[in-house]
Amino acid sequence: MTTLVIAEHSNLTLRASTLNTIAAALQLGEPVSVLVAGYGADMAAQEASLVVGVHQVLHADAPHYAEQLAEEMAVLIQKLATDFTTLIAPATVFGRNLLPRVAALLDIAPITDILAIESNDTFVRPIYAGNALAKVQTLETKKVLSVRPTSFEATAAQGGNASVVKIEACAAVRLSQFKSRDLASSDRPELAGARVVISGGRGLQSGENFQMLEALADKLGAAIGASRAAVDAGYVPNDYQVGQTGKIVAPELYIAVGISGAVQHLAGMKDSKVIVAINKDPDAPIFQVADYGLVADLFQAIPELTAAL
Amino acid sequence: MKVVVALKRVIDYNVKIRVKTDGTGVETANVKMSMNPFDEIALEEAVRLKEAGIVSEVIAVTLGTQACQDVLRTALAVGADRVVLIETDVELQPLAVATCLKAFVQKEQPRLVLLGKQAIDDDANQTGQMLAALLGWAQATNAFKLEIAGDHATVTREIDGGLETLEASLPVIVTADLRLNTPRYATLPNIMKAKKKTIESLLPADLGVDPSPRLKTLLVSDPPVRKPGIVVNSVTELVEKLRNEARVI
């Protein structure tokens, strides 16, 4: 009865989502191993060995794991699965891409995007963009799970002392090849893990006006997000999108600026600790989830707020 | 080459869903149903590939009861050449769907299968990846851009923090993200024509598949309600509340 966490990492460091996933794995009460499969990923493996609660780190290193392609990773995890009763990954783009592939190879129905662990075999997950919660029980021989990182408080990154065991790579399957990755470079915190998130909507009226949010974000050390409407209007890139089909965030403070609050947007942010909405339309649905609502013209309110901090 | 597009009939995205009082699910009686929006994008991509001369035949397939015929009629109206209903009234979970689709794909032998990245009802985001695993094919999920040249597909994917480009030899599974394209509307003449076309029908048993659910839904409930907030009258008051009441700045 042991649990294998599939680490999300950049070969150099663990992604924050891995710490949330380890926290969820520990809730299951079984010894937790962490798989770090990468290329030149010694540092990530070392980092995983220091995470509190980790029993052992399995480190597979090969060129075909460099980009952690699902086709390559799934075969490795399928092989390792014989030794584990539970496989668990973060419900990020990485985990969503990989985990169902693993589950199908094992002929196990997975449970994805878990918000809470009720018992050893029963889990709560959102359906209909979080407008309903389903309590789901698995009767499978193994559990293949993904957890929503924002629903599990990260375990401490330092203080553990697990052994790192080198494991053999599987032969490369080479079904697909990585060509390139184009990541937005920013000094700001990552949207998914930021303590403060400021999101802009259609009310910003242009991409240039997002600079107003930048000034505020600088003051608060915040990440910047956007509604689908703002992304569709071309104000900001796709990866800014918060919502059912974009990023799911749950920061300490979420400031929605000029966002009306479609259910698809609310799905991505309504678990934030404190929600502030600034909108000139007093009937905007965003006010129904806001802890603090300010009915105001954002073009006056945002500079004023920035100056007041 | 042939392309198969898998479609799901879901509660329309504009409908505000209601959880049944007995906790067994979500109210679907007298609720507007539509094609899953991501599947519309997948279908549109297939039709565009046909218009570009890359694809010779677009086959749309769905699973469910007779009621699912409406999404297949819509598929015909926007350009699918053939449509197939895999008919069953059991509760369908992603692994069962992927297993049925695997058998269907083996029968039809397409070089490309397009699906939506997730259905907006169960938000599972599993079927495409599972189908790829069962077939032993390459997968490209969350597609933002798809190019097919010769025997290769180049797919740009939406990932956390940006975009990633993969290349795969056909056959390949591609799941559509929001910005792959903007689906067209079916025109009235095409909707009328679609009504006269044939819907092929299969049973899971014809494909040698038992689609019984493997997970048990014990309870469906409303999410917790946030406690009502307050309206502040000025930026000054907002800052004061955030500092002294919420203590987040």
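Read the figures in this text as sums done on the coordinates, not as results from a lab. A quick note: this is a predicted structure, and the numbers were derived from the prediction, not measured. FYI the Cβ positions are ideal-geometry reconstructions off the backbone, even for glycines, and counts take in every protein chain you see.
Key figures for this structure:
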item: Residue of B:Thr24, B:Thr65, B:Thr74 that the Gaussian network model of chain B assigns the largest fluctuation, springs spanning Cα pairs under 10 Å; result: B:Thr24
item: Ranked list, fewest to most other Cβ atoms within 10 Å of each Cβ, for A:Phe299, A:Phe84; result: A:Phe299, A:Phe84
item: Per-residue Cβ neighbour rank within 10 angstrom, fewest leading, A:Arg188, A:Arg15; result: A:Arg188, A:Arg15
item: For the range A:124-266: rounded, prolate or oblate by the Cα gyration tensor [a/c cutoff 1.5]; result: prolate
item: Approximate shape of the range A:206-262 as ellipsoid semi-axes (Cα gyration tensor, √5λ), whole Å, largest first; result: 17, 15, 10
item: Structure-based [θ]222 nm, chain B - -39500 (n - 2.57) summed over DSSP H runs of at least 4, per residue, nearest 500; result: -8500 deg cm²/dmol
item: Local net charge near A:Asp107, Cβ-Cβ under 14 Å (Lys/Arg +1, Asp/Glu -1); result: +3
item: MRE, 222 nm, helices only [DSSP H, n ≥ 4, -39500 (n - 2.57), over chain A, to nearest 500]; result: -7500 deg cm²/dmol
item: Simple Cβ-charge dipole of the range B:2-222, Lys/Arg +1 and Asp/Glu -1, about Cα centre, in debye nearest 20; result: 560
item: Environment charge at B:Pro204 (Cβ cut-off 9 Å; Lys +1, Arg +1, Asp -1, Glu -1); result: -3
item: Alpha carbon Rg of chain B, scaled by the compact-globule rule 2.2 N^0.38 Å; result: 1.18
item: The protein assembly as shown pair-distance distribution - Cα-Cα, 20 Å bins, rounded %; result: 21, 55, 23, 1
item: Under DSSP loop assignment and at most 10 Cβ neighbours within 10 Å, longest GluC sites (Glu not before Pro)-free interval of chain A; result: A:1-152
item: Neighbour-count order for B:Val31, A:Val231, A:Val34, fewest beta carbons within 10 angstrom listed first; result: B:Val31, A:Val231, A:Val34
item: Mean-position separation - Cα centroids, the range A:273-309 and the range A:125-176, in angstrom; result: 36
item: 10 Å-binned pair-distance histogram of the range A:263-309 (Cα, whole percent); result: 26, 49, 24, 1
item: Value of Rg to Rh for the range A:191-308 (Rh from inverse mean 1/r over Cα pairs, i.e. Kirkwood); result: 0.91
item: 16 Å cut-off, amide nitrogen to a point 7 angstrom out along A:Glu190 Cα→Cβ, residues in the range A:14-31; result: A:14-24
item: Shape call, chain A: gyration tensor on alpha carbons, a/c limit 1.5; result: prolate
item: Rounded to whole Hz, the Karplus (6.51, -1.76, 1.60) HN-Hα couplings of the range B:70-82, x for glycine and proline; result: 5, 6, 6, 4, 4, 4, 4, 5, 9, x, 5, 7, 9
item: Around A:Tyr128: net Lys/Arg minus Asp/Glu count, Cβ-Cβ under 9 Å; result: -3
item: Whole-Å distance, taken between Cα centres, linking the range B:49-91 and the range A:185-201; result: 40
item: Within 10 Å of each Cβ in B:234-244, the average number of Cβ atoms from other chains; result: 5
item: 26 Å Cα-Cα reach of B:Lys196 towards lysines, excluding residues that sit fewer than 8 places from it in its own chain; result: B:Lys2, B:Lys8, B:Lys32, B:Lys50, B:Lys107
